[in-house]
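Coordinate-derived values only; no laboratory data. Please read all numbers here as calculations on a predicted model, not as lab measurements. Note that we place each Cβ from the backbone using ideal geometry, even for glycine, and neighbour counts take in every protein chain shown.
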């Protein structure tokens, strides 16, 4: 399965709103809404951020963040505006899957092989400091 993540979030937001309304028998939809999904479903990834040439963070929601580490350095990730995910199996990112870094300019795509996928704890909301 190949999924392309782009900067244009409008289509993703509209698609996710439609997906929430429709009944789905996938494992992710059977979990209670406050339970984070430990599987980084490629079709549900809507954000990603560059950490370094070996690491990116992908998000399926604010409570579902995953650290993806690569076997090889992926030098083009810092300059890419889109990623293509090539998964095998049921669609969860896993060891051996690949990420294609799609550069902003015309040129070849760099293939990055996934070494590990780690679920991260949800981000803590900053609490307001008490007024003195």
Residue list for the stretch 45-61, given a label point 7 angstrom along the Cα-to-Cβ vector of residue 78 and an amide N cut-off under 11 Å: 51-54
Ranked by how many other beta carbons lie within 10 Å on average, peptides 60-66, 117-123, 38-44 from highest: 38-44, 60-66, 117-123
